[in-house]
Each structure stands twice: as structure tokens, then as C-alpha cells.
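What follows is a set of notes on a single structure, which appears directly below.
The values are calculated or read from the model by the stated rules, or taken from the named source; none is laboratory data. Fair warning: this is a prediction, and the values are worked out from it, not measured in the lab. All Cβ positions, glycine included, derive from the backbone under ideal geometry; neighbour counts span all protein chains shown.
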């Protein structure tokens with residue numbers, strides 16, 4: 001949808017349309033950085049602005065000059081290494097407030113309990129009986145459960161989710177390794193998992209930290225395997241429960257005995273009528289009826305590697321699922337039956353029986369389909385075991401369809417919504433010749449004429465997260481309550497970490513831009529710049545060397561140049577001047593908002609229900625921190641649907657807010 005159609009209500013004039021034209025360039029890959037921006041008619045400053053717009057979460061004041069002085073190629077090389085010190089991020093993520101960020105999965109599982117674990121704890125401590133599970137929302141049970149969890153040192157998953165959300169905002173806004181964070185966001189979205197699924201909630205933090213972030217510049221096969229073996233993905237797409245039941249009787253007696261031993265011990269532990277016993281009985285029943293699950297196999301081919309038109313069949317999907325049977329998770333909950341059984345078996349017995357333990361990953365040899373297989377025309381002999389699955393991942397990662405699919409997504413993210421076939425072909429060629437090296441593919445892309453074509457400048461539209469973070473960076477804002485930013489991103493349509501579908505958020509302007517979303521973006525710009533978002537501090541005067549503009553028109557010219565560097569300001573200033581001067585602007589926005597009501601997700605219900613399970617904070621600073629975090633979720637603090645404009649007077653902060661909320665600031 002064109003911006004101009006949406007903003008007719010505001011009488012701000014015609015706006016820029018999205019352009020998609022490209023010119024042809026060399027198809028030969030190049031591992032050296034050789035950016036042809038001068039040949040495309042760009043100055044160093046314009047090229048630096050474009051590079052920063054695409055490879056960071058937003059341009060900071062003075063950053064264009066810094067990049068020009070350093071040299072664009074040196075700056076990009078530095079970003080491709082991803083090793084810059086991040087003292088500011090460390091300072092804003094103190095260990096006493098963000099203890100989970102360095103914890104292992106096993107520690108997270110045993111401290112931040114999921115719903116099933118909380119019920120087990122309550123049942124084990126005789127807090128619940130068979131008739132009380134459905135009454136946990138009653139105040140008396142909630143209070144008892146809170147006291148119990150406090151006493152035993154447990155925390156609710158909502159506290160873990162707060163830390164996950166806050167750290168993402170802080171890293172994006174204040175991190176020095178910007179390209180690494182941009183790619184972490186890109187690859188997390190590509191290999192999406194969601195906090196909406198309870199089984200993987202405890203693992204999302206380490207999924208991003210350990211499987212995604214360290215591998216964003218390496219070979220694609222590495223990040224594919226890292227995500228495939230991580231508990232978050234194994235639970236999210238159900239591969240942890242995908243097993244072959246066909247060959248149990250054909251396996252050797254020792255393996256059958258191991259399975260029988262596990263079932264016998266589980267059944268003996270569940271031989272009672274308590275709540276805990278009933279839960280274990282349900283688990284046993286589920287395990288006895290489990291079988292092949294094709295969810296992950298389908299998505300790894302359609303969404304992670306080959307693409308929907310990648311040339312595979314349903315038979316290939318089923319066979320890949322068989323090759324990945326037995327790929328599961330090490331039991332980590334200390335009071336869970338699986339953990340006790342594995343400890344009883346011991347690593348020696350597991351290894352002798354073909355089991356593989358790699359950190360939190362467990363290959364269950366007794367549940368793997370050992371038949372011979374054919375996938376995409378390639379034969380895999382019988383009894384391939386754990387290595388068979390790895391070979392399938394390697395084959396998928398280096399398939400030509402994968403090269404095209406991955407390079408199309410990268411070009412879509414960094415160049416335009418509809419990248420040219422010529423650019424994708426050059427990048428795919430580089431992908432295949434470099435064994436799927438992501439860094440090499442990015443260099444090929446940035447060395448292309450298509451990346452620097454003037455028609456591609458500011459062609460991409462920011463997602464709500466990118467928009468909010470770019471506002472923070474453009475103003476040097478001090479964000480003391482990151483969850484407030486998350487609250488606004490949700491309002492604008494991007495509740496990150498909670499996208500349910502394995503596709504991840506769509507990466508195209510038409511998904512993000514509509515009348516309601518633009519109203520919310522303008523509201524955010526005004527609320528942000530006028531410091532009406534709690535915990536966000538901005539010194540706009542400092543951006544202008546503490547000089548006071550003489551008029552609203554002067555403020556518009558000055559701050560447009562600061563917030564929108566290296567852009568032609570004339571058209572945008574003309575449109576925004578009409579908004580600044582419009583005496584009926586507030587009325588028009590209010591009327592437009594009334595016609596385009598956007599539902600506000602009620603994020604308070606679950607949070608308020610689970611707040612009683614948060615561990616007590618003993619230090620006063622920790623108590624204040626928690627109060628502020630809860631305040632971010634309070635209904636009374638949710639973003640308003642009307643602009644923060646006082647009468648006809650436009651202050652500097654209001655002018656800055658209009659600039660931030662304008663369509664031009666939405667572009668990157």
C-alpha cells in the first residue's frame with residue numbers, strides 16, 4: 001500500500017512510492033570488499049548513510065562522519081568480524097537484574113519453571129489435590145503457590161521472558177557489533193521459535209545466545225545444525241517426540257531392556273492417585289503412543305533450506321523425518337523421571353548402545369529409524385544412526401535450491417522487497433563456491449551495483465522493532481525501562497519472540513504498513529520525543545549543540561537534518577510543515593484513529609496472574625526495578641490512540657516526534 005493513500009487524511013501531500021528497479025552487475029563472486037558506490041553516483045557520505053541504514057539498527061548522530069573518516073570498507077570489515085567490545089551493553093545488563101542471560105539450559109529449567117513443573121511442585125508439596133488443579137487462579141491457591149515458590153527459590157517463566165525481551169532491545173540500541181545483532185534478528189526470524197509454546201519457553205534465550213548469535217557469519221550448515229539440535233527447536237517443531245516404533249522388536253535385547261527399564265521405573269513412580277501420579281501416567285500414555293512426527297522435516301525443507309518450490313516431494317519429507325528420528329533432548333529437570341533414568345543408566349551404557357550426548361542434545365539410538373533411505377535422489381544405507389541425520393542436514397544446506405532460497409531472503413532483507421534475479425544468482429553462486437559461507441555472500445551482495453543503485457536507497461521499510469530502535473539510536477536516548485519499548489512494538493504489530501508460525505515475521509513493506517500501523521507509529525514518535533514513555537530520557541537540545549531553534553519551522557529544518565541525515569529534505573519538510581501548522585491536526589488524527597481502530601493485545605492478564613509467582617527482590621533497587629517493569633505492562637500505560645499535540649503550539653520535542661513518526665523516518 002502506498003504511503004500517500006494512507007496519509008491523505010492528514011493533508012500532508014503526496015509521499016514517496018516504493019521502487020524496485022535494478023541494473024545488472026557482475027556475476028563473479030568476490031571475497032574482497034570493493035563497494036561500487038561511486039560508479040552509482042553516490043558520495044561517500046551518502047554511501048555511508050546507506051550502509052549504516054541497512055547494516056545497523058539506525059544511524060547515530062555523527063556516525064556517518066565516523067564511518068567516512070574510518071573508510072567504508074574498514075568499517076564493514078570490522079562489523080563482519082563482530083568482535084568489538086560492548087561495555088555499554090554490559091553496563092545496561094547488570095548480572096543481578098539479568099541473571100538468566102548467562103545461565104545454562106539445565107539451570108534455567110530448574111529455576112524458571114513452566115506450567116507443568118509448577119503443578120508438579122505444588123503436587124509434590126501436597127498443595128493441590130485432584131480437584132484443585134483447575135482452581136489455581138483462585139487467590140488462596142495463588143498466594144500459597146507464590147509462598148511455596150519463593151521458599152524453594154523458583155521463578156515463573158514470565159520473569160525469564162522479561163529478561164529475554166529487555167536484552168534484545170538493549171543489544172540492538174547500544175551494541176557496537178550492529179551487523180551481528182541485525183543478522184541475529186534475521187536468522188532468529190528465519191529459524192523462528194516462539195514463546196507462545198510452553199515446551200520451548202525455557203530454551204528461547206539460549207537458542208538465540210548459543211545457536212544463533214555465534215554463527216551468523218559462518219557457514220550455513222553450522223547454523224542449520226545448531227538450530228536443529230537445540231532444545232528450543234526440538235520442542236517447538238516436535239522433533240524431540242519423533243521416534244520410530246517400527247524397529248523396536250528388531251533391535252538387540254539390550255536396547256529393548258533399556259526401554260523396558262525406563263517404562264517400568266516411570267510406571268512405579270506413577271503408581272498412585274495423586275496429582276503428580278496422574279501427570280506421570282499421562283506422560284507414559286503419550287510416550288507409548290508417540291511415533292513419527294513430520295513437523296520439523298517439513299519446515300526444515302520448506303522454510304529453512306530448499307524453499308516451497310525447492311523440488312522435494314511429500315515422500316522426501318517423510319523420509320527426512322525418519323532420518324531425524326531419535327533427535328531429542330537431554331532430560332534436565334532434576335525431579336523429572338527422565339533425568340533420574342538417564343543418571344541410572346550412566347554415560348557408558350548409553351554410548352555402548354549408540355546414544356549420542358552433545359550438551360543438551362540427545363540422540364536416542366533406540367528410537368531411530370535404521371532402514372535404508374532415499375532423499376532427493378541420494379541413497380542413505382541402513383543403520384546410519386546419528387551421522388545419517390547430520391549427512392541429511394549437510395546435503396540440504398548445500399543444495400542449489402537452498403542457495404537460491406537463502407540468498408533471496410538475504411537480498412530481500414538488505415536490498416529490497418523484490419531483489420532481481422541477477423543479484424540473487426550472483427549471491428547464490430558465491431554461496432555454493434564458499435560452502436555456504438554467510439560472510440562471503442554478504443560481501444558479494446555489498447560489492448554489487450544493485451545494492452548501491454539509487455532506486456534501492458531507502459526502499460526498505462522498517463519493522464516496528466527496527467523503527468523503535470532507530471529512534472533510540474537517532475536521538476541518543478537513554479532507555480531505562482526497555483520493556484516499555486517492547487510494549488510499543490507490540491502495539492505497532494510486532495510482538496517479537498511471540499510470532500507463532502514457524503515462518504517468522506514477513507519481511508516486506510505491505511505486511512507492516514497500513515493505516516492503523518502508521519497511526520501507531522506517529523503516536524510512538526510523539527510519545528517518544530516528548531518523553532511520555534516512562535523510563536525513556538532524551539536530550540534533544542544536546543543534538544543541536546544546546547541551541548534553541550527560533551521557530552517551529554526552524555526546528556523542523558534543523559532536526560530533519562539531524563534525524564534524517566544525507567537525505568533530500570525539501571519534500572519531507574514541506575509535508576511535515578503542513579502537519580506542524582495544521583490547527584486541526586489532533587482532530588484529524590483522532591478521527592482517523594476512530595475509523596481505523598487497532599486492537600491492543602491485553603498483555604496484562606497472564607502477567608498479572610503470574611506475578612504472584614515472581615521471586616521476592618530483597619534489595620530496594622531490585623524492588624523498584626520490578627515495579628517499573630510491571631508498570632510497562634499496566635493498562636493505564638498502554639499507548640494512547642491520539643497524538644500528543646498541545647493546541648496549535650509545536651515545541652521542539654513535538655516537532656522531533658512528528659519527524660520520527662513521518663513516513664520518511666520509516667525508511668531505511
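Being over 13 Å from the mean Cα position of the chain (by Cα) and either outside any helix (DSSP H, G or I) or touching a residue at least 40 places away in the same chain (Cβ under 8 Å) (or both) is a property that holds for residue 240. With respect to (1) without any contact (Cβ under 8 Å) to a residue 12 or more places away in the chain; (2) over 28 Å from residue 441 (Cβ atoms), the lone exception for residue 109 is condition (1).
When residue 455 is tested against the conditions (1) under 21 Å from residue 53 (Cβ atoms); (2) modelled with pLDDT under 95; (3) under 25 Å from the mean Cα position of the chain (by Cα), the lone failure is (3). For the stretch 79-90, what are the residues that are within 18 Å of residue 438 (Cα to Cα) and part of a helix (DSSP H, G or I)? Within the stretch 79-90, 79, 80, 81 meet the criteria.
Within the stretch 559-571, take every residue that is modelled with pLDDT of 90 or more and in contact with a helix residue (DSSP H, G or I) (Cβ under 9 Å, 6 or more places away or on another chain) and give me the one that is nearest to residue 652 (Cα to Cα). Step by step, filter the stretch 559-571, then rank; the result is 559.
Checked against the criterion of being assigned to a loop (DSSP other than H, G, I, E, B), at pLDDT 95 or above, under 28 Å from residue 508 (Cα atoms) and not assigned by TED's automatic domain parsing to the domain that holds residue 162, the candidates 22, 57 yield just one match: 57. Just one of the listed residues (456, 411, 477, 471) is outside the structural domain of residue 514 (by TED's automatic domain parsing) and touching a residue at least 40 places away in the same chain (Cβ under 8 Å), and it is 456.
Would you call residue 158 touching a residue at least 60 places away in the same chain (Cβ under 8 Å), in a helix (DSSP H, G or I), outside the structural domain of residue 300 (by TED's automatic domain parsing) and surrounded by fewer than 22 Cβ atoms within 10 Å (Cβ to Cβ)? Spell out the reasoning first.
Values: touching a residue at least 60 places away in the same chain (Cβ under 8 Å): yes; in a helix (DSSP H, G or I): yes; outside the structural domain of residue 300 (by TED's automatic domain parsing): yes; surrounded by fewer than 22 Cβ atoms within 10 Å (Cβ to Cβ): yes.
Answer is yes for this residue.
Suppose we filter the stretch 535-556 for residues that are closer than 19 Å to residue 476 by Cα and loosely packed, with under 15 Cβ neighbours inside 10 Å; how many remain? Residues flagged as closer than 19 Å to residue 476 by Cα and loosely packed, with under 15 Cβ neighbours inside 10 Å within the stretch 535-556 amount to 8. Of all residues in the stretch 419-429, none are at pLDDT 95 or above, under 30 Å from residue 195 (Cβ atoms) and not assigned by TED's automatic domain parsing to the domain that holds residue 204.
Quick check on residue 498: is it within 15 Å of the chain's Cα centre (by Cα) and either in a loop (DSSP other than H, G, I, E, B) or surrounded by fewer than 24 Cβ atoms within 10 Å (Cβ to Cβ) (or both)?
Details: within 15 Å of the chain's Cα centre (by Cα): yes; either in a loop (DSSP other than H, G, I, E, B) or surrounded by fewer than 24 Cβ atoms within 10 Å (Cβ to Cβ) (or both): yes.
Against the criterion (within 15 Å of the chain's Cα centre (by Cα) and either in a loop (DSSP other than H, G, I, E, B) or surrounded by fewer than 24 Cβ atoms within 10 Å (Cβ to Cβ) (or both)), residue 498 qualifies.
Tell me which residues, restricted to the stretch 501-530, are crowded, with 17+ Cβ neighbours inside 10 Å, over 20 Å from the mean Cα position of the chain (by Cα) and not in a helix (DSSP H, G or I). Scanning the stretch 501-530 gives a single hit, 530.
Residue 207 falls short on exactly one of the conditions (1) outside the structural domain of residue 317 (by TED's automatic domain parsing); (2) in contact with a strand residue (DSSP E or B) (Cβ under 6 Å, 6 or more places away or on another chain), and that condition is (2). Of the residues making up the stretch 418-435, just one is buried (at least 24 other Cβ atoms within 10 Å of the Cβ) and assigned to a loop (DSSP other than H, G, I, E, B), namely 419. Could you look through the stretch 486-495, keep only residues that are assigned to a loop (DSSP other than H, G, I, E, B) and in contact with a helix residue (DSSP H, G or I) (Cβ under 6 Å, 6 or more places away or on another chain), and pick out the one that is surrounded by the fewest Cβ atoms within 10 Å (Cβ to Cβ)? Restricting to residues being assigned to a loop (DSSP other than H, G, I, E, B) and in contact with a helix residue (DSSP H, G or I) (Cβ under 6 Å, 6 or more places away or on another chain), the top hit is 493.
Test of understanding: among 392, 424, which residue is at negative phi, without any contact (Cβ under 8 Å) to a residue 60 or more places away in the chain and more than 23 Å from the chain's Cα centre (by Cα)? On inspection, the qualifying residue turns out to be 424. Determine whether residue 465 is within 22 Å of the chain's Cα centre (by Cα) and in a helix (DSSP H, G or I). For residue 465, the condition - within 22 Å of the chain's Cα centre (by Cα) and in a helix (DSSP H, G or I) - is met.
Restricting 101, 76 to residues that are in a helix (DSSP H, G or I) and more than 24 Å from residue 164 (Cα to Cα) narrows the list to 76.
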